[in-house]
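Here you go, one structure.
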Amino acid sequence: MKEKDRINAILAEAVNEGLSSICSSAASSVLFFLEKNGSIKSASNIGNIKTFAEGLERIFGFGAIVIEKKILEVLQMRLQLPDPKENRNNFEFAKEMGKAIELYEAKITKPKE
């Protein structure tokens with residue numbers, strides 16, 4: 001499996017787990033709606049994170065930030081990344097997800113000593 005496919009699979013798992021934090025059946029319902037309105041390509045291929053975040057905000061309004069933070073937390077855990085220590089008051093989901101993926105890619109491409 002290519003690294004990009006692996007990251008996408010981990011991202012899809014993090015999204016499922018984050019959405020399931022609402023309730024166990026929420027993930028499939030929300031992902032179905034997001035796929036139908038074009039916010040994601042499929043449940044296993046999130047595609048554009050910014051479009052995904054906008055779709056969550058259309059469904060949950062201000063409550064989307066709670067779900068987004070949970071998804072980011074799960075992603076960081078799955079990618080074995082440290083929890084950022086910076087203040088989360090100015091949280092931007094797409095930007096934080098991009099940072100996590102960049103950090104992971106840098107970690108795996110770093111030459112072994």
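For region 41-74, which residues satisfy the criterion of being of a type in the set (Gly, Ala, Ser) and part of a helix (DSSP H, G or I)?
Of everything in region 41-74, those that are of a type in the set (Gly, Ala, Ser) and part of a helix (DSSP H, G or I) turn out to be 53, 55, 61, 63, 64.
I'd like the full set of residues that are in a loop (DSSP other than H, G, I, E, B), surrounded by 15 or more Cβ atoms within 10 Å (Cβ to Cβ) and of a type in the set (S, T, N, Q), limited to region 1-40.
Passing the criteria: 21, 39.
If you don't mind, there's one more thing I want to ask. Is it the case that residue 94 is touching a Lys or Arg at 6+ places or on another chain (Cβ under 7 Å), assigned to a helix (DSSP H, G or I) and not polar (S, T, N, Q)?
yes
Right, another one. Scan region 41-52 for residues that are modelled with pLDDT of 90 or more and surrounded by 21 or more Cβ atoms within 10 Å (Cβ to Cβ) and report the count.
1
Same structure, new question: Please determine whether any residue of region 22-29 is of a type outside the set (A, V, I, L, M, F, W, C) and closer than 28 Å to residue 107 by Cα.
No - not one qualifying residue is present in region 22-29.
The values are calculated or read from the model by the stated rules, or taken from the named source; none is laboratory data. Bear in mind the structure is a predicted one, so any value in this text is a computation, not a measurement. Ideal geometry is used to build each Cβ from the backbone, glycine not excepted, and the neighbour counts take in all protein chains shown.
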